[in-house]
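What follows is one structure encoded as C-alpha cells, with my remarks underneath.
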Amino acid sequence: MTTAPQAATAAEVTEIDTSARWPLLLLLGSALLWLVLSGILALVNLVQLHTPELLAGCSAMTYGRSSAIQETAFIYGWAANSGLAVALWLLARLGGAPLRSLNWVVAGTLFWNFALVLGIAGIATGDMTSNAWLHLPAYVLPMLLVAYGTIAVPGVLAWTGRRKEMTFAAQWYAVAALFLFPWLFSIAQMMLVFAPERGVLQALVAGWFVQGAWTLWLAPLALAAAYYLVPKITGRVIPSYDFAQLSFWTLLFVGAWTGGRHLIGGPVPAWVATIAVVSCALLLFHYIVVAVNLRGVFCGGGSTVLKFVAFGLVAYVAGGFLDAYTAMRGVAVHTQFTHFSEGQSQLALNGAFSMLMYGAIYFLAPRITGLAWPSVPLIRAHYAAALTGTIVLVVTLIGAGCVQGHDLNTASIPFADIAGHVRPWLLAATAGQAILLLGNLLLATHLFWLAAAKSAAPAVFDPAPAMEASVS
Amino acid sequence: MKNGFTFFLGLFLAVALAWAGIVMGSHVQLGHLAPYFDENEGKAFPERMPGIAAQGQLVYQDLGCAACHTQQVRRPDFGSDKARGWGDRQSVARDYVNQAHVQLGESRVGPDLATFGARPLAVDASRLIQYLYEQHGGMPAYRFLFEERKITGERSANALKAAAPAGYEIIPSHRAVALVAYLQSLNNVYEYPEARPVEPAAAKEGESK
C-alpha cells in the first residue's frame, strides 16, 4: 500500500475497464433517463393521491396508468439497465479479462430500451395488463427477453471463462441475477400473458414473480455491488466470510417462496401465505449475514461511495426485517392494502437498490472513462438529496399506512375522512419524492457531463488495496 | 463454487423449486376448480359474465382501477371488511374461476369492489354512470370515458345530467357503458359450501380452507 498514486492509477484502470467504456455508458445513461422519468411520474402519482384532479382528464396519465408506467420505468428502465451495467463490469474485473461480444451488449441495450419505450406507450394508450411488476403489454415481452439475453451473455461468459479459479461473493450474486431473470421473466410471461392461468392462480403466479424478481434478480444485483465495493475500498477482508455462501443460497432458495406475502387472508390456499410467513423469517439469516459481512462499510474513512453503500445496506437489512414483521398475520391485518406496503417497496427499491447502484456508479464511471467526476460538491449534494428524500418518503408513506390501516379497520370511518387523515402524510411524502428527484437529476446531469468531457482532469485514484475482494 | 455445473444447477433449482411449490402446488389444488351447480336454483355459480361485462373488465384493467381498489373480501374476523358491508363471507378461489383477468388488487385507497354489484349505487346504472363522470373524494373523475355531442333534435335518453355548452350534451362512450356493466356484475355473494363465513369462534378452521 505504499505505491505512489500514479502507479496505482495505472494498475487500477486497465483495458478491462476502458474497453467496456461506451457500452457501459450507454447502459448507465439509459438507466438514468428512466430514473428521472420514473421520478417525475412518482411525483405526479403522489400528488394525484391527495389531489385527484391532477391530470384526471388525460387518459394516458390517469392514476392507474401513470402509476403502472412509473413502476415499469423504474424496474425495467432504471433497475435493469443500471444493474446490468454494474454486473457486467464486476464480472469482467473479477474474471480478469475484458468483456467479449461488446457489440452485442450495445445492440441488446438499444433493443431493450426501444422495446421498453414501445411498451410504455402501450400502457399509456390502453394495452396494460394488471399484473404487478409486469404491466407491460404482451407484444414487447419476447423482445425484452431476447434483448436481456444479448446483454447478459457476455457477463455469464466472463464468469465461466474467468482466468482465476477462485470466486468471490460479488460474482455469485451477479451471475445469479444475470442467469435467473430470463427464467422468471419467461415463465411469468407464459403463465400470465400468453397462456394465462385462470382465476386466483394468476395472482399466485404474479406473487411468485414479484418476489422472485426482487430476491433472485434485483437484490442480488445490488448485493453484488456491495460485496465488491466494501472490501475493495476499505481494503479489509470480509469478516465471517464462510457464512457468505450459506447466506447466498438462503436468499436464492427461500426468496421466491415469499410469493404469498401480499395474499395473506386472500382467496388462495392458506398454506401459501403460511409458507410466505415462514420464508420471510428464514430470510432473516441472510440479512444478518449480509450485515455481519459488510459491517466494514462503516469504517469507510470518508469515502463518498461507501456512504451510499452504507445507506443502501442499512435499508436492505432494515427492509428484510420489516418484511418479516409485516408478514405476520396480526400485523398484516393493519398494514395490508395500505401505503405501508408502498413504503416498504420504496425502502427496498429507492433505499436499498438505488443507493447501492449510485455507489457503484460513482465508483465505476471514473474507471471506465479514465476521467475524474467533474464536481465533488455535486456528488455531495446528490448524497444529501438521496438520503433525505428517501428517508422522508419511506417514513411518511409508512406513517400514512399506519393511519390508513387504523381507519380502514374502523368501519365507522368513511372513505372521505380516511383521505383527510392521510393527506398531511402524503403531502410530506410528495416533498420527499421531490427532493429525491432533484438528487437524481443531479446525478444524471453529472454523468452526462462526465461522458461529454474530453479533456477534463484524468482520474487519480487513491492507492488501491491489493485485493480485488476478500479471499474466499 | 468452483464447479460451474453444480453452481448453475443450484441456481436453476432455486428458481424451479419455488415455482413448483407455489405455482404448481396451488395448481394441483385449484386447477380443477369448477363452478358450483346449485340444484335448487338450477344454475351454476359463479355465473358467467355477460359479454359486455367481460369487455368492461378489460376497461377496468387498462385504466388500472386495481391501483386503488381490491376485489377480495377478508374473513369477518380479519379486518373490518364485513363491518363495512363489503360481504358477509370471505372471498374464495371459486369466486374467480370464470375470470380471465383477475383483479385482486393490493391497495385500498378506495373501497373493496368484490360485491359492489349488490350495493345501491350499482343497482341504478344511470346513477353509476354519473358517478364515474364526477370526482368523489379520492376517486378521480373519468371524463375521458364520455363524449360531448351536439344535440340533433331530441336530447338523447342516455345523456348525463351534467353541465355542457349550450346545444351540446354529454354521452357515455361504449367503454363507460361496458365498465358499468362490469361493475354491476361484481357480486361474490353466493354461499358455496367452502365459503360459509368463518366467525371468530371457528377461525381455526378458516386457516385450512
Checklist outcome for this item: (1) small (Gly, Ala, Ser); (2) part of a helix (DSSP H, G or I); (3) open to solvent by 20 Å² or more (accessible area, probe 1.4 Å); (4) over 25 Å from A:GLN189 (Cβ atoms) all hold for B:GLY117 apart from (3)
Item to check | Filter result for B:ALA20 (out of contact with any helix residue (DSSP H, G or I) (no Cβ under 9 Å at 6 or more places or on another chain) and outside any helix (DSSP H, G or I)) | outcome: no
Next on the checklist: Can you list residue pairs whose Cβ atoms sit under 9 Å apart, with the first residue in region A:28-41 being touching a residue at least 60 places away in the same chain (Cβ under 8 Å) and among the polar types (S, T, N, Q) and the second being in a helix (DSSP H, G or I) and surrounded by fewer than 18 Cβ atoms within 10 Å (Cβ to Cβ)? Count only pairs 6 or more apart in sequence or on different chains.
Outcome noted: A:SER30/A:LEU110
Checklist outcome for this item: Residues in region A:410-442 that are free of Cβ contacts under 8 Å to residues at least 12 places away in the same chain and either small (Gly, Ala, Ser) or open to solvent by 40 Å² or more (accessible area, probe 1.4 Å) (or both) total 9
Checklist outcome for this item: When (1) surrounded by 15 or more Cβ atoms within 10 Å (Cβ to Cβ); (2) more than 30 Å from A:HIS421 (Cβ to Cβ); (3) β-branched (Val, Ile, Thr) are applied to B:THR152, the one that fails is (1)
Checklist outcome for this item: When (1) of a type in the set (Phe, Trp, Tyr); (2) facing chain A (nearest Cβ under 7 Å); (3) more than 16 Å from the chain's Cα centre (by Cα) are applied to B:TYR96, the one that fails is (3)
Next on the checklist: Looking at (1) away from chain B (no Cβ under 14 Å); (2) open to solvent by less than 10 Å² (accessible area, probe 1.4 Å), which one does A:GLY260 not meet, given that it meets all the others?
Outcome noted: (1)
Checklist entry - Before we move on, is B:GLY25 at pLDDT 90 or above, within 30 Å of A:LEU251 (Cβ to Cβ) and more than 7 Å from chain A (Cβ to nearest Cβ)? => result yes
Checklist entry - If you check every pair at least six apart or on different chains, which have Cβ atoms under 7 Å apart with a residue in region A:344-358 that is closer than 12 Å to A:VAL86 by Cβ first and a residue that is of a type in the set (Phe, Trp, Tyr) and at pLDDT 95 or above second? => result A:TYR358/A:PHE308
Checklist entry - Is region B:68-83 home to any residue that is acidic (Asp, Glu), part of a loop (DSSP other than H, G, I, E, B) and open to solvent by less than 20 Å² (accessible area, probe 1.4 Å)? => result yes
Checklist outcome for this item: Note on region A:161-192: residues among the aromatic types (Phe, Trp, Tyr) and either free of Cβ contacts under 8 Å to residues at least 24 places away in the same chain or within 16 Å of A:LEU216 (Cβ to Cβ) (or both) are A:TRP172, A:TYR173, A:PHE179, A:PHE181, A:TRP183, A:PHE185
Checklist outcome for this item: Only one of A:THR390, A:THR445 is assigned to a helix (DSSP H, G or I), buried (at least 18 other Cβ atoms within 10 Å of the Cβ) and hydroxyl-bearing (Ser, Thr, Tyr), namely A:THR390
Checklist entry - Is at least one residue of region B:132-145 on the phi < 0 side of the Ramachandran plot, away from chain A (no Cβ under 13 Å) and of a type in the set (A, V, I, L, M)? => result no
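With in contact with a Leu (Cβ under 6 Å, 6 or more places away or on another chain) and either at pLDDT below 95 or open to solvent by less than 20 Å² (accessible area, probe 1.4 Å) (or both) as the only criterion, which of B:ALA14, B:ALA20 stands out?
Every option except B:ALA14 fails the conditions.
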Checklist entry - Which condition does B:PRO111 not pass, out of (1) part of a helix (DSSP H, G or I); (2) under 12 Å from the mean Cα position of the chain (by Cα); (3) not hydrophobic (A, V, I, L, M, F, W, C), if it passes all the others? => result (1)
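Regarding B:LEU58, is this residue at pLDDT 90 or above, outside any loop (DSSP other than H, G, I, E, B) and over 29 Å from A:PRO137 (Cα atoms)?
Answer is no for this residue.
The values are calculated or read from the model by the stated rules, or taken from the named source; none is laboratory data. Fair warning: this is a prediction, and the values are worked out from it, not measured in the lab. Virtual Cβ from ideal backbone geometry, glycine too; neighbours counted across all protein chains shown. Side chains are part of the model used for accessible areas, which takes the heavy atoms of the whole protein and leaves out ligands, DNA and RNA. Shrake-Rupley method; radii C 1.70, N 1.55, O 1.52, S 1.80 Å.
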